[in-house]
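Asker: Pasting in a structure now, in structure tokens, and then I'll have a few things to ask.
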Amino acid sequence: MSKRVNKINVTELDFSSVWSYAASPESTDHIKIAPRYEHFINGEFVRPTSGKYFKTINPTSEAALSELAQGNDKDVDKAVKAARKAYTEVWSKMSGAERGKYLYRIARMIQERSREFAVIESMDGGKPIRESRDIDIPLVAAHFFYYAGWADKLEFAFPGKSVAPIGVCGQIIPWNFPLLMAAWKLAPALACGNTVVLKPAETTSLTAMKLAEVIRDCGLPPGVVNIVTGDGVAGAAIVNHPDVDKIAFTGSTDVGKIIQRATAGTDKRLTLELGGKAAHIIFDDAPLDQAVEGIINGIFFNQGHVCCAGSRLFIQESVHDKVIRKLKDRMNTLVVGDPLDKNTDVGAINSAEQLGKINHYLKLGVKEGAEIWQSSCAIPRKGYFCKPTLFLKASQSHRIVQEEIFGPVLAVQSFRTIEEVIEKANNTPFGLSAGVWTDKGSRIFNLTTKLRAGVVWANTYNKFDPTSPFGGYKESGFGREGGLHGLSAYLKF
Ligand code: NAD
């Protein structure tokens, strides 16, 4: 039997024909995207002071979906004033049980409109509908449900301590998990009695504006949540506003450093969730087929637009060639294309700018001497797409190993001993996450204590739950989101 299998050279099979499915696109009939969205301030949709708008592009068709208000310091000032008034007069005085009811209502309304949210997330951001439908939006609702449950139990969450809300929170989020990042930030802040000025990323603001509709429709008191759209100018105006008590930022390490400098010397609290370059470690006793699925999920999931993406692969030398063969075979079966198609594994790169950055790293990796290999899958001619890519024979000094690419690009190295892989895995400015595949529990515990990463997954990858804290070491930031740690970040003790 094994002889017969060995005779088949699987890498020569034409996987594109083996795995061609009939198209199965999610309908957009029920989707209503307005031609223009205003800021959401004090419970109303208001025009930007500048009168300026910018377009949001569908990265699959390259066509404009809508236009959004360009925020500036005047808009941010209005939003902060509304948030302060709502904080002082209403929200901080309301009982936790009442606040919780609003959060439960938001969670239920998101569930009711989940299909609409998922489709818009995929249209605006490029992520496959399977992910926005099965991961992002269910997790959004789960975060609101989870923190709704804590709103009237804060004294039990932190026994023996008296807790109070912080005040007005400025929250700035990235484009890779647009609505989920909004939920990670809004739900604990509101549960604790804070009010918020939120700024979504400029390429993916549509689901935040749909969330504004939910917030208005659920009867949340005006000013408790304000949403100002725009680019870094609007973000910086939130960071520098003197009446903001806390900044919660998720985004790149470069912008995180700017924010840390801007808030230094002020009494603003700060949490930073920044970039990553996770080590994904495969030992020779690991279940290799499952590990290969984990690798695929870890880096090609959401086009590699994942802060905790397993972008550095370390394979134990004795199984290196076997794992690479299995990985290449699996990568050849990946379906890259229309994010709205339910067969799609890898969707569109979020923007032309991000695709340009990824292509820059593809050229750089070759120049640095790594061996490039790309999936044989076809990619659409129109839109922003990138083939799932491996860099074999990468080395620690390569920039493709040290810097965050934020695309479907995996740098591969081998190792012999556990000490060697720990040293290599920790040799990075980042420390957000890591993954380990092995049959031995003791080895897992050994590694979890030695890997300098906020999250370490064992024999799985990219699993999230609202009860689990998430956050990084080193240049991946500080502070935790999720679980009780995430709640404590929005309280004064
Ligand atoms: P980015 O830093 O370019 O932008 C993030 C947000 O900051 C956007 O809303 C942007 O408009 C705003 N911004 C830009 N300049 C600003 C300034 N000077 N002051 C205030 N706000 C400013 O990041 P991005 O490209 O949108 O997102 C990708 C990055 O986010 C990656 O590095 C990724 O690793 C990181 N990320 C981290 C986590 C985490 O939990 N650690 C989660 C998701 C994404």
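Bear in mind that the values in this text are calculations on the coordinates, not laboratory data. Just so it is clear, the model here is predicted, and its values are computed rather than measured. Cβ sites come from the backbone with ideal geometry, for glycine too, and all protein chains shown count toward neighbours.
Asker: Expected output is a single nm value to one decimal: the length gained when fully extending between I31 and E423, i.e. 0.36 nm times separation in residues minus the C-alpha distance. What is it?
Answerer: Extending this stretch completely gives an extra 136.2 nm.
Asker: Give the Cα extents of the chain along the principal axes, in whole Å, largest first.
Answerer: Largest first, the chain extends 76, 51, 39 Å along its Cα principal axes.
Asker: Using θ = phi - 60° and the Karplus form 6.51 cos²θ - 1.76 cosθ + 1.60, what ³J(HN,Hα) does each residue of region 193-206 get, whole Hz, x for Gly and Pro?
Answerer: x, 8, 10, 9, 10, 10, 10, x, 6, 5, 8, 9, 9, 5
Asker: Okay, next question. Sorted by mean Cβ packing within 10 Å, highest first, what order do the peptides 451-458, 159-166, 305-312 take?
Answerer: Ranked by mean Cβ neighbours within 10 Å, highest first: 305-312, 451-458, 159-166.
Asker: Here is the link list: K257/K328; K78/K463; K101/K342; K277/K326; K55/K185. Which ones come out longer than 28 Å on Cα distance?
Answerer: K257/K328; K78/K463; K101/K342
Asker: Another question, if that's okay. Kindly rank 370-379, 431-440 from highest to lowest mean number of other beta carbons found within 10 Å of each residue.
Answerer: Ranked by mean Cβ neighbours within 10 Å, highest first: 431-440, 370-379.
Asker: Put +1 on the Cβ of each Lys and Arg and -1 on the Cβ of each Asp and Glu in the chain; which of G170, F445, Q402 then has its Cα farthest toward the positive end of the dipole?
Answerer: F445
Asker: Across all directions of projection, what mean area in square nanometres is found for the Cα convex hull of region 279-458?
Answerer: Average of the hull's projected areas for region 279-458 equals 9.7 nm².
Asker: Within region 308-323, find all residues whose amide N lies under 19 Å from a label point positioned 7 Å from the Cα of Y473 along Cα-to-beta-carbon.
Answerer: Backbone N within reach: 308-314.
Asker: Just subtract the alpha-carbon distance of K382 and D329 from 0.36 nm times their residue separation and send over the number in nm, one decimal.
Answerer: That pair, K382 and D329, stretches by 16.5 nm at full extension.
Asker: Please work out the FRET efficiency for the pair E155 and K463, using the Cβ-Cβ distance as r and a Förster radius of 22 Å; give the result to the nearest 0.05.
Answerer: 0.10
Asker: Oh, and also: What is the set of long-range amide H partners of E44 at a cut-off below 5 Å, with H atoms built 1.01 Å from backbone N?
Answerer: none
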